[in-house]
Amino acid sequence: MSLSFKKTKTIGMSILAIILLPSVNFASVESDVQALQLQTTKLNNQVQYLINQQANATNQNFSQTLDDLRGKIEVNSYKVSQLNDVVSTKLAAFEKELESLKAEVNKPSPKELKLQQDNAAFDKANKALLAKNYKDAEGLFKQYLKDYYNGEHYSESLYLLGQIYLINGDINDAYTQFKTIVTRYPKSIKIADATYALALLELSKGNMKTAKTYLQRVVDKYPHADVADKAKAQLTKLK
């Protein structure tokens, strides 16, 4: 008896899953489950009634009738089990399809993928610089500038490559990187730093007038930049 009710509960949950997953074609299975559920309930009621009447029953067919009903219940229970297997198989197939769909939905667009690759290439170069592996960093930044022309970190990479050149004593190459930022990327996050770097390089060459021009530009155009106070200090010294 309790086995039948447990099976009925399982079927109920299966039907709920079917309702919640309308994209899966469970219509025929649902219909069969509902029919078997109703039939099993009726048979259970009949068995219960016969058991309740057994004490007063004198009909010689009572035992046979009871056995027949129990047999039908067993058959129904088997069918319910089979239908549960069908539902489980369909649900497994649906879950697999759903996971595939999720993977497709979460797949980055070509633009997003390029941005991810851009960020990864820059991060790799920057990590080498932070680790003071200047040779590796130089090669990686050069490769970034080649692969991601005008990319997300292009002007910043120009600046950091310029810093590496300074460390290596390649003054002219460093100057070229900073000058490129100042002339071509006025909205770069490194514009103030690059302008200040040009001023210092001009000072090192003895070009005071040009150096003052760059320093004044930092003070006037980028007053909130980290290097603004340094530029003011340099201007004071040059007066």
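Could you give every pair whose Cβ atoms fall below 7 Å, whose first residue belongs to segment 67-91 and is of a type in the set (Val, Ile, Thr), and whose second residue is part of a helix (DSSP H, G or I) and open to solvent by 40 Å² or more (accessible area, probe 1.4 Å), counting only separations of at least 6 or pairs across chains? Listed by first residue and then by second, the contacts come to Val80/Lys7.
Just wondering, is there one or more residues in segment 149-158 that are within 28 Å of Leu238 (Cβ to Cβ) and either among the acidic types (Asp, Glu) or at pLDDT 95 or above (or both)? Looking through segment 149-158, at least one residue is within 28 Å of Leu238 (Cβ to Cβ) and either among the acidic types (Asp, Glu) or at pLDDT 95 or above (or both). All of Leu115, Leu140 fail the test of being open to solvent by less than 60 Å² (accessible area, probe 1.4 Å) and modelled with pLDDT of 80 or more, apart from Leu140. Taken residue by residue, segment 131-148 has at least one member that is among the hydroxyl-bearing types (Ser, Thr, Tyr) and closer than 24 Å to Pro186 by Cα. Considering Lys239, Lys135, Lys179, the condition of being more than 30 Å from the chain's Cα centre (by Cα), among the charged types (D, E, K, R) and at pLDDT below 95 is satisfied by Lys239 alone.
Residue-wise test of (1) part of a helix (DSSP H, G or I); (2) open to solvent by 40 Å² or more (accessible area, probe 1.4 Å); (3) of a type in the set (Lys, Arg); (4) over 22 Å from Ala174 (Cβ atoms).
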site: Glu99; (1), (2), (3), (4): yes, yes, no, yes
site: Ala120; (1), (2), (3), (4): yes, yes, no, yes
site: Lys135; (1), (2), (3), (4): yes, yes, yes, no
site: Glu152; (1), (2), (3), (4): no, yes, no, yes
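For every residue, the table says whether it meets (1) modelled with pLDDT of 95 or more; (2) open to solvent by less than 20 Å² (accessible area, probe 1.4 Å); (3) among the aliphatic types (A, V, I, L, M); (4) over 43 Å from the mean Cα position of the chain (by Cα).
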| site | (1), (2), (3), (4) |
| --- | --- |
| Leu166 | yes, no, yes, no |
| Asn172 | yes, no, no, yes |
| Tyr175 | yes, no, no, no |
| Arg184 | yes, no, no, no |
| Tyr214 | yes, yes, no, yes |
| Val218 | yes, yes, yes, no |
| Lys221 | yes, no, no, no |
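Tell me whether segment 195-212 contains one or more residues that are open to solvent by 10 Å² or more (accessible area, probe 1.4 Å), polar (S, T, N, Q) and assigned to a helix (DSSP H, G or I). Scanning segment 195-212 turns up at least one residue that is open to solvent by 10 Å² or more (accessible area, probe 1.4 Å), polar (S, T, N, Q) and assigned to a helix (DSSP H, G or I).
The values are calculated or read from the model by the stated rules, or taken from the named source; none is laboratory data. What you are looking at is a predicted structure, and each value in this text was computed from that prediction instead of being measured. Cβ sites come from the backbone with ideal geometry, for glycine too, and all protein chains shown count toward neighbours. When the accessible area is computed, the model is the full protein with side chains, heavy atoms only, and any ligands, DNA or RNA have been set aside. Shrake-Rupley method; radii C 1.70, N 1.55, O 1.52, S 1.80 Å.
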